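The values are calculated or read from the model by the stated rules, or taken from the named source; none is laboratory data. If you're wondering where the values come from, they're calculated on a predicted model, not measured in any experiment. Glycine gets a Cβ as well: all are built from the backbone with ideal geometry, and neighbour counts include every protein chain shown. Note: areas computed on protein heavy atoms with side chains; ligands, DNA, RNA excluded. Shrake-Rupley method; radii C 1.70, N 1.55, O 1.52, S 1.80 Å.
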Amino acid sequence: MLGAHLISLGRTVAHHVAHPKHSVGAASRLLQVSRSASSSVEYKPIKSILVANRGEIAIRVFRACTELGIRSVAVYSSQDKMHMHRQKADESYLIGEGLPPVEAYLSIPEIIRIAKENKVDAVHPGYGFMSERADFAQACIDNGVRFIGPSPEVVRRMGDKVAARKAAIEAGVQVVPGTDKPVTTADDAYAFCVKYGLPVMLKAAYGGGGRGMRVVRELNEVKESFRTASSEAKAAFGDGSMFIEKFIENPRHIELQMIGDKCGNVVHLYERDCSVQRRHQKLVEVAPAPNLDEKVRQAMADDAIKLANFVGYENAGTVEFLLDNQNNYYFIEVNARLQVEHTVTEEITGIDLVQSQIRIAEGMTLKELGMTQDKIQAQGCAIQCRVTTEDPAKNFQPDTGRLEVFRSGEGMGIRLDGASAFAGAIISPYYDSLLVKVISRAGDLHASAAKMNRSLREFRIRGVKTNIPFLLNVLENQKFLNGTIDTTFIDEHPELFHFSASQNRAQKLLNYLG
């Protein structure tokens, strides 16, 4: 009852922010008086949020701001001046004029300047770009702007895969054998492989998302693979340091969604199975993980909370594990940010993770948000498919151009999170190829897959190639429907790349008449 009462009061604060004729201070005082006496953290309402990102995640945060009555501020590069995320915010400002497309969003001084000039209370980093940059989080705080995420120290510790691994060991969580410090030269990588044997996984020490990752099975490939992966990591994260660990054969990739408040309380929101991957990039995510032993599920959740408590984790984050075919699981990393696939967790728990992030940054506790562990339940099954402008028939080569036709598949049990998904949109070569995230929810895996299948078949996209034919093959694969896949699923099923040619009769007729 207390949690529900305080959530209602939180909405009152949002109402006062949204309606200037009311006093924000009065709403804040109302909430302060009604808060639990045990809470030692001051509640400070956020009235404006700048999203240091672009695309669908920026729009996702703007929508949460609108629902909470918070002023939203967008930043955009010169190449994004016509992009949808700029239109969805209350205000938008150009950053990085004269800088390359990606570097514009990596300019800490530019983002801080915009935040200060426009009296922004808080910055949400989204995912990618600077979401796991401790120096960015620190710069926000040093300039009087709240960072919606973990503390800079936790971002630094968890963003460094070697430090995160050390923390997991100290917390009593099983890890994969690997290097005890970042590796910066190909010779050091070679020496590790000679000493510990192959296969190994090369991973960017200060980033994620599959960039800078390579599996090496032959000793004569170590140095070249290291140089390639390090160069990729340097381009994506600004640091080419690598982490090396033993490669676990045929694992499932299971991640636990965590969230913690400023008073040291941490809960989990169940797990996601992210085993449908290509080159370590997730394509399809499922929550909760199908056919996961209940004892393993609980043990993973306990270990994730143990690690989060050990490092003093605050706000949203993900603890990732590899699960072998003997039900042994190993910690691999923490993503100290919101994940692309947070949507499926929201669908099965009914909890808005972005709004929860904002409320926690304001100083509210999990108890006040009604998010104690006993109240968090997983219901049904949710699937997310990332529809991208990539051609699976050409090794997922990115496609660019103008969307001549765009019709989406909607209906009951379908959620769409996108930013460039409309007729006339220009798909540029400068950024990620994600077009729209399609999320389905139903009572079980089969029913959720059926909804997703139906939705994807309703899509009509002309002007650029998409990966929809590949996604449909995944959804109709019996191994996927049985929930028995691992991270080798795509490599071991070449039939996923057998496609029927699209007839596209209407467009051909229009072109002929034209």
Potential extension, Asp302-Glu117 segment - 0.36 nm per residue separation minus Cα distance: 62.2 nm
task: Among the lysines, select those whose C-alpha is under 16 Å from the C-alpha of Lys394, and discard any that sit fewer than 8 residues away in the same chain.
output: Lys465
- prompt: Name the residues of segment 301-323 whose amide N is less than 14 Å from a point 7 angstrom out from the Cα of Gln174 along the C-beta direction?
  reply: 301-304, 321-323
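Given a Förster distance of 41 angstrom, what is the FRET efficiency for Ala191 paired with Asn482, based on the Cβ-Cβ distance and rounded to 0.05? Show your work: numbers first, answer last.
Working: r = 43 Å, r/R0 = 1.04.
Once the sixth-power term is evaluated, E becomes 0.45.
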- prompt: What order do you get for 439-445, 387-393, 138-144 when each peptide is scored by the mean count of other beta carbon atoms within 10 Å, highest first?
  reply: 387-393, 439-445, 138-144
- line: Here FRET efficiency (C-beta to C-beta, Asp135 to Ala501, R₀ 41 Å, nearest 0.05) is 0.25
message: Checking the cross-link filter: which aspartates and glutamates have an alpha carbon closer than 14 Å to that of Lys295, excluding same-chain neighbours under 8 positions apart?
response: Glu271, Asp303
- request: Mind running the shape call on segment 343-384? Use the C-alpha gyration tensor, a ≥ b ≥ c as the square roots of the eigenvalues: rounded below 1.5 for a/c, prolate if a/b tops b/c, oblate otherwise.
  value: oblate
field: Cross-link table Lys47/Lys116; Lys246/Lys306; Lys161/Lys181; Lys44/Lys262, entries beyond 18 Å C-alpha to C-alpha
entry: Lys246/Lys306
- request: Hey, can you find the accessible area per residue of the chain for me, probe 1.4 Å, expressed in square angstrom?
  value: 42
message: If I take R0 = 60 Å and measure r between the Cβ atoms of Gln87 and Val41 in this structure, what FRET efficiency does the formula 1/(1 + (r/R0)^6) give, to the nearest 0.05?
response: 0.95
message: Apply the Karplus curve 6.51 cos²θ - 1.76 cosθ + 1.60, θ = phi - 60°, to the phi angles in segment 53-67 and return the couplings in whole Hz, x for Gly and Pro.
response: 6, 9, x, 5, 5, 4, 5, 4, 6, 4, 5, 5, 4, 4, 5
- line: Heads up, segment 417-458 by the C-alpha gyration tensor (a ≥ b ≥ c square roots of eigenvalues; a/c under 1.5 rounded, else a/b over b/c prolate, else oblate) looks prolate
message: Under a crude label model (7 Å from the Cα following the beta-carbon direction), how far is Arg279 from Ala163 in nanometres?
response: 3.0
Alpha carbon centroid spacing (whole Å) that separates segment 109-175 from segment 475-502: 37
- request: Specify the inter-centroid distance of segment 291-328 and segment 389-429, based on alpha-carbon positions, in whole Å.
  value: 34
message: Give me the percent of accessible area attributable to carbon and sulfur for the chain, probe 1.4 angstrom.
response: 50
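Want the number for Leu219 to Ser78: 0.36 nm per residue separation, take away the alpha-carbon distance, what's left? The partial results should precede the final answer.
Values: separation 141, 0.36 × 141 = 50.76 nm, distance 4.46 nm.
Gain on extension, Leu219 to Ser78, equals 46.3 nm.
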field: Karplus (6.51, -1.76, 1.60) ³J(HN,Hα), θ = phi - 60°, over segment 405-421, in Hz, Gly and Pro reported as x
entry: 9, 9, 10, 9, x, 10, x, 4, x, 10, 10, 10, 10, x, 8, 10, 8
query: Gap in Å between the Cα centre of segment 182-256 and the Cα centre of segment 70-94?
result: 36
message: If the reach is capped at under 13 angstrom between alpha carbons, list the aspartates and glutamates near Lys479, excluding any in the same chain fewer than eight residues apart.
response: Glu492, Glu495
